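The values are calculated or read from the model by the stated rules, or taken from the named source; none is laboratory data. Because the structure is a prediction, the values reported are computed rather than measured. Counting neighbours? That spans all protein chains shown, and the Cβs are built from the backbone with ideal geometry, glycine included.
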Amino acid sequence: MAVLLIWLSSIISDRIWFAFDRSVPAWDQADYLTHSLNYWRVFQHPQWFSSDWWEQMWMLSPKVPPLTYILTIPFLNVFGIGPDRSPLVYILFTGILLASVYGIASRLFNRRVAFWACLICVLLPGLYVYRLQYLIDYPITVMIAFSFCCLTQWKYSERKWFWAIAFGLSFGFAMLVKQTALFFLFIPLVWMGIDSLKHRRWKSLIQLTLGLLLSALILTPWVRTNWLLMLTSGKRATIDSALAEGDPALNTLDAWIYYWNLLPYHVSWVLLIVPLVGFLLYLFYPKFLSKPLNFTALKWLAIFWIGGYLLCSLNINKDFRYSLPLLPVSAIFLAYGLTLWPERWGKTVRGITLSLAIVLMLLNLWPIGGVWGRRMAAFLSPGGDRIAHLGLEWPHEQVINEIIETEPYLQSTLGVLPSTPDVNQHNLNYFGALRDEQVYGRQVGTRLEQVSQDSLSLSWFVTKTGKQGMVERINEAQVAIVREIEQGRQFQLHKRWLLPDNTVLNLYHRQTPYIEVSPQPNASEPVQLSQVIVSPQVPPDAPIPIIYVWSGSWEQLQSGLVILTWKLQTPSTAKGSSEWLHDHAIAMGTLHPGTLGENETNSGFQVLERMGMLPPKDILPGVYRLEATYLNRETGETYKITVPPVTVEINPKSPKLPAPELDLVSQLRQLALNLPQGIPGLEPVFDEVGRINQYDPIQDYTVQAEKTLTYRLQTEPDNLDYAYALALATVLKQDAPRAIAALEKVTQLDPQNPNAHAYLAFIHLYALHPQAAKQAIQRALELNPDQSEFQGLRGIAALMQGNLIQAWQDLQALR
C-alpha cells in the first residue's frame, strides 16, 4: 500500500507539472515524440499476418529499438496525441521501477529498506528530471532495474525456473528499449555464469542459458531487419558525437571519473551525504547497531554498480543521462544507509532528509523560492532543475498552421536554419507530424558548398534573431544561407513571432512556389496536361526551366506518375541520344489530403509544376517533342495523355537559362550514372543522397523512381542506365528482395564489371544470404582480384557462414 501511494504521488506530481508547463521539446525529446507518433499511426491499421507490415514496422526505428514507442500506443489511443500525452507511458514505467526496486531491496534486505528505496527513487533529481521528458533513458533505466530484479530473484529464490524465464523476457524487453542494457547487466551475468561453472551448478547454467536465448529471441526480429544501420550508425552515435562534444579521451582520468563527478547532480547532496553518514556511523560506532551489516547483499549490488559504471565509462561518448540505470541500485544502497542511523536519531534524520528532498524537488521543478530558494537548490541539488515554463507559449504550432493554411493541399518541407533547444528541426517536425504529417522540419544550410542547392530546393524556411545554434562547425554555412533567405530575391517574409526569450522567429516563403494546387470543379477524372511552358531553344547538358499544368480528379492526381519522354522529331543516324526523360510524380509527390473533406477526393484540381529538367550530355541537336503516359502508382493503370503542341530545340549555341533544381527523381538517375565506377562513384552518391533526403523526408522520390524505371525497363529491357538507377532506388528504399532482383539484372547487362557483382554480394549480405553473397563476390574477384573491398566482402560472407579461417585471411586485406 505504501509503494502504491508513492507511485500515485509521483504520477500526480508529474501530471500537474505537464499541465502547467508551456515549454517545447528539445532535439532528442522531439525526435522520440515523432517516433511515438509514427508507431501510433502504423498500429492504427495493423496487419498481423503480413511479413511486409512487420518488416516496415521494425524499420520505422532503425537505430533505437522501438519497445518504448510501442508501449506508448495505448496511452495515445486513450488520451490523444500531444507532447504531454506520450509521457503518460511513464505511469507504467514508474510502476515497474518501484516494484523492481522494492523487489530487489526486500529480497536483499527487508521491507523497511525497500520502502525507503522507493521513496528515494521518486526524489532523485536524475530520475524525476527525466520522468518529465520523453526520452529513452528513463524507460531503459526502468527495464534494467526490472531485469536486475528478476536476476536477483533467480539468484536467491527457490522458484528458479520461473525467475530464469522472467529474467530472459525482461532482459529481452530491456534490449528492445535500448541496446545499452547489455552494459549494465553484462558483469552480473558473467559473474553468475562463472559462479555456476565454479560450483558445477549445471542446472543453474542451463536456466541462465535458456533466459538469454529467450532474450535473443525477443530482440532478433528488430536486429535482423536493422543490423547494418545499427552497426554503421554506432560510430556516429559514439565517436563522432564524442569528438563534436569534446568528451574526455579514454586514456585520461577524466573519462573514468566523469560519472562519479555527476553523482551529486544525479542524487543531490542531501540524499548522498545523509545515507553515507549512516554507513560511517556503523563503521566507527558499531555499538549503536543491533544488526550486522549485510555484506552479501552489498556485494551483489556492488557487482552490478561497479560493472555498469566501468562499462558505461568505457563508452567514449559521455552524457549526463547515460548513467541513469545506476540510480535505482544507488537508491537501494542509500536507503540502506538511511536505515543504519541509530534508532535514537534515525526517525528524525530520515524525516528531515525526506522533507528537504521534497523541498528541493519543488524548487527544481517550479519557479518558486525566489533568489534564496534558487541558491539553496543550486547548492544542495546542482544541475537537478527542470523548471516549468509558465510564460508565453512558443509559436511552433502557429508556424505549422500558417504553412498548411497557405498551401492546404501540399505536404511541405520546412527548412529550419536555427538549431537551439527551443527552435530546431526536430520540434518543428514534431508539430508538423501532429498535423497528419503535412509539414516536415529539416535542418539545412549546414555545409557551405550546399547552401545554393538548399535554398533552391525548398519553399519554406524559418530563421530567428539572436543565438542560432550550438555547433560551431556549421556557423559559416548558417550565416550564408540566412543571408540568402533574408536578403535574396527568392523569398519574402511571410510572418514573424516574438519568442518567449525576446528573440524573433521569421517564416519565409518562396515568392514563386514550385507547386501550386487549386480546385477546378470542371476537371475530368483522367489526368490531362493542359499546358507546357518551356523556352523554344535551350543548350544541351544544362538544366532547363519548364512548367507543366495538370488537371484531373484528386485521386488520379495524387496517385499519378507521369512517364515523360522528349523525343527527337526527325530521326538521325548521328551518334548520341535522341531523347531524354522527365518521369516524376505529379506535384513531385507532395499532394496531401490533410484538409480535404470526404466528398472532395473525387473533385477536380489543377496542379502547376515549375521544375528543372536535364537533357543528357550526348543529346543530339534538333527539335524535340513531348510524349506523355499516365501511370497509377497504386493500381498500375496506364493511359496516354494528350500533349499540347510544344517543341524544344536543342541548340549548342543557346545561352544557359536560370532554372530550378532538378526534381529528385532526375537527380537520382544522374547519381546512378556513377555506380559502374565502384568506390570512386559511390562517394558522390552517398554525399548527394544525404542532401536530397532532407528535401523529401519520406523519400517518396525512391518510390517514384522505382515504379517509373520498372515501367521503362518493360519496354527497354537492355537499358543499362535504367537498370543501375532502378538498383539504386531499391537500395535506398532498403527493399532487399527488389534490390537483389535489380542488381541481378545489372550483372546480366554489365557482366564484365566487377563492381556490379560486388553490389549484388553486398545486398545479399544485408539480406543475410552469405552463400549467395559468396558466389557473387567470387565473380567480382575473378574480374578484379586485387580489390581489397571485394576481399573484405568475401571475408564477411565467410564469417557469416562460420568459416573463421577464411574470414580472418580475407579481412586482413582491409587493414
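Summary table below
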read-out	value
Tabulated pairs, the stretch 340-360, first surrounded by 13 or more Cβ atoms within 10 Å (Cβ to Cβ), second of a type in the set (Ser, Thr, Tyr), C-beta under 7 angstrom, 6+ apart or interchain	LEU340/TYR282; ALA357/SER268; LEU360/SER268; LEU360/SER381
Helices (runs of 4 or more DSSP H) lying entirely in the stretch 705-815 (those with 2 or more residues that are among the small types (Gly, Ala, Ser) and buried (at least 16 other Cβ atoms within 10 Å of the Cβ))	720-732, 736-749, 754-766, 770-783, 788-800
Yes/no for SER61 being over 30 Å from ALA26 (Cβ atoms), assigned by TED's automatic domain parsing to the domain that holds LYS299 and at pLDDT below 95	no
Identity of the residue in the stretch 158-171, over 19 Å from LEU219 (Cβ atoms) and in contact (Cβ under 8 Å) with a residue 40 or more places away in the chain, that ends up surrounded by the fewest Cβ atoms within 10 Å (Cβ to Cβ)	TRP161
Some residue of the stretch 501-511 being farther than 28 Å from GLN453 by Cβ and at pLDDT below 95	yes
The stretch 521-549 residues that are in contact (Cβ under 8 Å) with a residue 12 or more places away in the chain, paired with ones that are of a type in the set (Val, Ile, Thr) and in a loop (DSSP other than H, G, I, E, B) (beta carbon under 6 Å, 6 or more apart)	LEU529/VAL643; VAL532/VAL646
Selected residue (only one of SER215, SER233, SER196 is surrounded by 12 or more Cβ atoms within 10 Å (Cβ to Cβ) and at pLDDT 90 or above)	SER215
Tabulated pairs, the stretch 195-224, first over 30 Å from LYS63 (Cβ atoms), second surrounded by fewer than 12 Cβ atoms within 10 Å (Cβ to Cβ), C-beta under 8 angstrom, 6+ apart or interchain	SER196/TRP202
Where LYS299 falls short, out of the listed (1) charged (D, E, K, R); (2) surrounded by 16 or more Cβ atoms within 10 Å (Cβ to Cβ); (3) more than 22 Å from VAL129 (Cα to Cα)	(2)
Residue, farthest from HIS35 (Cα to Cα), within the stretch 441-450, restricted to residues that are out of contact with any Lys or Arg (no Cβ under 9 Å at 6 or more places or on another chain) and buried (at least 21 other Cβ atoms within 10 Å of the Cβ)	GLY445
Any hit, the stretch 284-291, residues being assigned by TED's automatic domain parsing to the domain that holds LEU151 and buried (at least 18 other Cβ atoms within 10 Å of the Cβ)	no
Identity of the residue in the stretch 30-57, buried (at least 21 other Cβ atoms within 10 Å of the Cβ) and of a type in the set (S, T, N, Q), that ends up farthest from the chain's Cα centre (by Cα)	SER36
Selected residue (only one of ASN502, ASN506, ASN522, ASN475 is among the polar types (S, T, N, Q) and within 30 Å of SER553 (Cβ to Cβ))	ASN522
Within the stretch 501-511, considering residues that are assigned to a strand (DSSP E or B) and of a type outside the set (D, E, K, R), the one farthest from ARG610 (Cα to Cα)	VAL504
Qualifying residues in the stretch 125-157 (those that are among the polar types (S, T, N, Q) and under 23 Å from ALA216 (Cβ atoms)) - the one farthest from the chain's Cα centre (by Cα)	GLN153
Test result for ILE120, under 25 Å from ASP14 (Cα atoms), modelled with pLDDT of 95 or more, buried (at least 18 other Cβ atoms within 10 Å of the Cβ) and more than 31 Å from the chain's Cα centre (by Cα)	yes
Candidate set: the stretch 562-585, residues that are among the aliphatic types (A, V, I, L, M), at pLDDT 90 or above and surrounded by fewer than 23 Cβ atoms within 10 Å (Cβ to Cβ); chosen: the one nearest to LEU626 (Cα to Cα)	LEU564
GLU437 in a helix (DSSP H, G or I) and among the charged types (D, E, K, R)	no
Pairs, first assigned to a loop (DSSP other than H, G, I, E, B) in the stretch 368-397, second acidic (Asp, Glu), C-beta under 8 Å, six or more apart	ALA388/ASP21; HIS389/ASP21; LEU390/ASP21; TRP394/ASP422
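To keep it simple, each residue is scored yes or no on (1) crowded, with 23+ Cβ neighbours inside 10 Å; (2) without any contact (Cβ under 8 Å) to a residue 12 or more places away in the chain; (3) more than 30 Å from VAL359 (Cα to Cα).
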{"residue": "MET59", "(1), (2), (3)": "no, no, yes"}
{"residue": "PRO62", "(1), (2), (3)": "no, no, yes"}
{"residue": "ALA99", "(1), (2), (3)": "no, no, no"}
{"residue": "VAL113", "(1), (2), (3)": "yes, no, no"}
{"residue": "LEU151", "(1), (2), (3)": "yes, no, yes"}
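Per-residue answers, yes or no, for (1) more than 41 Å from the chain's Cα centre (by Cα); (2) in a strand (DSSP E or B); (3) over 30 Å from GLN487 (Cα atoms):
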residue	(1), (2), (3)
PRO513	no, no, no
SER530	yes, yes, yes
ILE547	no, yes, no
SER551	no, yes, yes
VAL562	no, yes, yes
TRP566	no, yes, yes
THR570	yes, no, yes
THR573	yes, no, yes
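One line per residue, one yes/no per condition, for (1) touching a Ser or Thr at 6+ places or on another chain (Cβ under 6 Å); (2) at pLDDT below 95; (3) crowded, with 16+ Cβ neighbours inside 10 Å; (4) over 30 Å from SER553 (Cα atoms):
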residue: ALA628; (1), (2), (3), (4): no, no, yes, no
residue: GLY636; (1), (2), (3), (4): no, yes, no, no
residue: PRO645; (1), (2), (3), (4): no, yes, no, no
residue: ASN651; (1), (2), (3), (4): no, yes, no, yes
residue: LYS656; (1), (2), (3), (4): no, yes, no, yes
residue: VAL665; (1), (2), (3), (4): no, no, yes, no
residue: VAL685; (1), (2), (3), (4): no, yes, yes, yes
